[in-house]
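**Q** So that we are looking at the same thing, I have put the structure below in structure tokens.
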Amino acid sequence: MGAVETARVRKAATSRSLEGSTFLSHSSKDDDLVAGAIRVLENHGAKVYIDEIDPEMPPYTSEKTAGLLKTRIRDTSRFVLLASKNSKESKWVPWELGIADGVKGTSKIALFPASDSSYDQAWASWEYLGLYDRIVWGKLQNYQKEVWMVIDEKKNTAIELSKWLKGY
């Protein structure tokens with residue numbers, strides 16, 4: 001995806017109402033991955049919210065930043081964490097996940113693992129990430145082609161991403 005398309009996708013993600021939208025938590029070091037994640041989510045019916053281009057977000061980190069993030073997480077219907085090596089090092093990503101868990105519960109949270117290799121699972125070294133469902137590309141029962149889906153490995157079940165985003 002080119003720089004102009006990336007900027008367009010990111011800008012569109014900030015100009016929407018929060019009602020029924022999906023909060024996309026990510027490391028600022030993963031800017032190259034954010035537009036692709038937004039595109040996958042939006043192609044499945046999501047309205048994606050990202051914080052760094054929120055016009056109400058203060059230009060510097062403060063108590064107001066934390067309060068506004070809590071409000072945005074609470075007001076969105078779903079929470080997706082773009083899980084990468086960088087998100088583990090972020091000061092905000094684990095905090096946002098904790099807030100989301102407290103107000104949404106695990107059923108409205110999904111991890112979107114990002115890596116250069118399908119075998120790279122460095123993001124999974126956080127023990128507590130096993131609590132959450134994951135967004136994956138693969139074969140889903142009763143579908144002829146591979147699809148994006150949300151998988152619950154504990155129950156060995158999955159649902160098409162678009163259905164999960166709509167609330168089943």
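Rule-based calculations on the coordinates, nothing more; no lab input. Bear in mind the structure is a predicted one, so any value in this text is a computation, not a measurement.
**Q** If you scale each eigenvalue of the Cα gyration tensor by 5 and take the root, what three semi-axes come out for segment 19-168, rounded to whole angstrom and sorted largest first?
**A** 25, 17, 15
**Q** What pairs from Lys70/Lys108; Lys70/Lys104; Lys47/Lys163; Lys29/Lys85; Lys88/Lys155 go past 19 Å between their alpha carbons?
**A** Lys88/Lys155
**Q** Treating the Cα atoms of segment 42-97 as identical point scatterers in vacuum, please give the log10 of the normalised Debye intensity I(q)/I(0) at q = 0.17, 0.18, 0.25 Å⁻¹, two decimals.
**A** Log10 I(q)/I(0), no solvent term: -0.63, -0.70, -1.22.
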